[in-house]
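Below: one structure, written as C-alpha cells.
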C-alpha cells in the first residue's frame, strides 16, 4: 500500500505516516540524556581500553534509541475515514486504534520545546474512556497540518462536512502574566514553611541558653534538619510555581462557534479546544492566600480519565477557564460558559442554622442553588469552591447521612457527573428538603437531557 | 412504591459466615485466655467473643434490613447503610454497564450481586444478595432500559 508522506491525503482516507522529522523531535531529549550520562561515566574511566568500551556502549545506546524511534515512525500510519480517526502502530504488538469522532471530548494541539524548534506539533484526540491508551496521539505533524487536522476533526466531531474551515475564534479573555506569576507564588503551602521557620527560630533562640554540651548538640541537630526541610520546601514550592507559570503563561481563551479555544504555555505551547456541550462541570475556587486580592481560579471538567501519572498528564491537561482572574472576571467567564448560573452564591441557599453544629468552620460557605438547567453548590473551608453542574450531565444523585447529621435532621446531597474530578456537594441540607431535592433534580435532569439545550 | 429487598438467603449467608468467624474467635480467645489466666481467663475469653458475636449479629441484621432498591419510571434507587444512610439514584439512561458478580459464599447460597456503573466513578449503586435468577432478570431488564433511554455524555 503506498504511503504518502504529506498529510493532506490522510484526511481524505489514504494511509499516511507522521511527519518525517518526528523521530528527531521525539529522541532529541532522550538522546541527550544517554550521551550526557555516558560521557559523565566516561570521564571517570582511566584506562584507554575502558574508554573504548564506554564509547561503543554510548554509541550503541544512541543508535538503539534512534532506531526505535525510526521504526516506530515507519510502522505508524493514520487516516480519517468517514467520521473515524484510525491509527495503526506498533512493530511487535500491533495496535489498531479507532476513534469515533462523534464521541470526541476535546482536541488538543501540543508543541513541546523540541518540536516547536522543528516546527512540529502533536494532535491529541481525547475521548471518554478508562484506559490510559484512550487518547489518539498524532506525534508529530507540521504546524499547518496540525491546525488542518484539528479543524477537520472538530468539524467531523460536530457532524459537519470535513471541509468546513476552522471557524475564527472571538477572543474572550487573557490572563495578565504578572498576576499569574504572583498568584503562582501565593500557595497555602508557604504557611507550612513559615511555621517551620518559626519553629527553627525558636529552637535556635532556645539552643544557646542550653547549658550542657549534649543538649546543645541535640538542639542544633534538630535546628539543622529543620532548616534543610525548610530549604527543600522552598525549592519544591519554587519549582511548582515555575511549572505552573510555564504551563499557563500567555493564557488566552477564545470563543469559537464550535467550542472554547485555549492557548497557553511558555516553553511548551498548548492549544486546546473543548467542544460546547462537553463541559461536565465548572468550578470556581478561591484559595486562602488569593482572597485578600480578590482572585479566583476557574476550571472546567470534561469526561476524561487522568492519564498515567508518570507523564504528569493529569496536571498538564487540567482544563482551565482562567488560572487566575479577579472575581468579577471569573463571574463573567462563568456566565459565558454557563449562562444563567450564578458563579457565587448568596446566603439565601444556605442550609438551616443548626448545620453549624456539623460544620462550624465551613458553615458560612455552604450553599446550594438550582434552576431547571443548572445546579450550583458551594463548599469549602480554607479554599471555598463553587461547582456548577449542567443538569443534563447528571450521572447519579447520592443522599447520605451519618448519626450526627440525622440527629440534626440534616442530610448531604451529592451529584456525580462523568467528569472525574469534582462532585457537586450540597452539604447539610434539611433532610426533608434533601429528599424532595433528590426527586426534583432527577426529574429536572431527565427533562434537561431530552431538551439538550 | 415499596422498596424491594434482597433475598432472605442473604441473611442466611451472612449469619453462616458470622457463625463460622465467631466459632474461630471463640476458640482463639477461649484457649489463649485459658492458657494465660487459667479458668477465669478462659471463661472471660469465651464471654468476650460471645458479646462480640452478639453485637456483630445485630449490626449485620441492621445492615441486611437497610438494603433496598426501587425501579422507578426513569431511574433506579438503591438505599443502604445502618449508621450512615446512603441513597443513590441512577437514571437508566446513564448506565454504562451492569455487572453481576458472585463470590464463593454467594454461589453456595445461589446469590449474586448486581452493580451498576455510570460514567462517573463515584456512583455507588450495588444490590447484593439477589437470587441468581432474579439477578440475571434484573440485569437484562436494566440493560434493556438503559439501551432504550441511553443518552450521550
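Any idea what the relative contact order of chain B is, in percent, if you count C-alpha pairs under 8 Å spaced at least 6 apart?
Reported relative contact order: 21 percent.
Given points 7 Å out from each Cα along the Cα-Cβ axis, report the residue A:242 to residue A:63 separation in nanometres with one decimal.
About 3.7 nm, to one decimal.
Could you calculate the FRET efficiency of residue A:205 with residue B:105 from 1/(1 + (r/R0)^6), where r is the beta carbon distance between them and R0 is 60 Å, rounded to 0.05?
The value I calculate is 0.40.
Return, ordered by residue number, the residues of the range A:368-398 whose backbone nitrogen is under 12 Å from a label point located 7 Å along Cα→Cβ of residue A:336.
Hits in the range A:368-398 for residue A:336 at 12 Å: none.
To the nearest 0.05, what FRET efficiency results for residue A:81 and residue A:443 with a Förster distance of 51 Å applied to their C-beta separation?
The formula returns an efficiency of 0.80 here.
Please give the residues of the range A:374-407, grouped as numeric ranges, whose backbone N is less than 12 Å from a label point set 7 Å along the Cα-to-Cβ vector of residue B:66.
Answer for this model: A:400-404, A:406.
Rounded, prolate or oblate for chain A? Axes are the square roots of the Cα gyration tensor eigenvalues, ordered a ≥ b ≥ c, and the cut-off for rounded is a/c under 1.5.
Oblate, because a/c is 1.5 or more while a/b does not exceed b/c.
Full extension from residue A:29 to residue A:74: what is 0.36 nm times the residue separation minus their Cα-Cα distance, to one decimal in nm?
14.2 nm
Relative contact order (percent) for the range B:68-148, with alpha-carbon contacts under 8 angstrom and 6 or more residues of separation?
Relative contact order comes out at 26 percent.
Give, in nm to one decimal, the length gained when the segment between residue A:357 and residue A:170 is fully stretched (0.36 nm per residue of separation minus the Cα-Cα distance).
Gain in length upon complete extension: 62.5 nm.
Spin-label point model (7 Å from Cα, Cβ direction): what's the residue A:255 to residue A:364 distance in nm?
In this crude label model, residue A:255 to residue A:364 measures out at 3.4 nm.
Calculate the all-directions average of the projected area of chain B's alpha-carbon convex hull, and give it in nm².
Its Cα hull, projected and averaged over all orientations, spans 10.6 nm².
Quick one: if you stick a label point 7 Å off each Cα along the C-beta vector at residue B:59 and residue A:404, how many nm between them?
So the two model labels end up 2.0 nm from each other.
If the range A:225-293 were replaced by its equivalent ellipsoid, with semi-axes equal to the square roots of 5 times the Cα gyration tensor eigenvalues, what would those be, largest first, whole Å?
In descending order, the three semi-axes are 33, 16, 10 Å.
Would you mind calculating the relative contact order of chain A from Cα pairs under 8 angstrom and at least 6 residues apart, reporting the percent as a whole number?
Worked out over chain A, it gives 10 percent.
Ranking A:377, A:252 by Cβ neighbours within 10 Å, fewest first, what do you get?
Going from sparsest to densest Cβ surroundings: A:252, A:377.
Using the beta-carbon distance between residue B:43 and residue B:3 and R0 = 45 Å, what value does 1/(1 + (r/R0)^6) give for FRET efficiency, to the nearest 0.05?
Efficiency, rounded to the nearest 0.05: 0.55.
Show that you can apply the helix-only estimate: for the protein assembly as shown, add -39,500 (n - 2.57) for every DSSP H stretch of four or more residues, divide by all residues, and state [θ] at 222 nm to the nearest 500.
-14500 deg cm²/dmol
Which residue fluctuates most in the GNM of chain B (Cα springs below 10 Å): B:41, B:68, B:19?
Of B:41, B:68, B:19, the Gaussian network model singles out B:41 as fluctuating most.
Within a 10 angstrom radius of each residue's Cβ in B:119-132, how many Cβ atoms of other chains show up on average? Whole number is fine.
4
How far, in degrees from 0 to 90, does helix B:132-148 lean away from the longest principal axis of the Cα atoms of chain B, to the nearest 10?
Tilt relative to chain B: about 30 degrees.
Considering the range B:68-148, what Rg and Dmax in Å follow from its alpha-carbon atoms?
Rg then Dmax for the range B:68-148, in Å: 12.5, 36.
Here, each number is a calculation from the coordinates, and none is a lab measurement. Here the structure is a predicted model, which means the values were calculated and not measured. Glycine also receives a Cβ, built like all others from the backbone with ideal geometry; neighbour counts cover every protein chain displayed.
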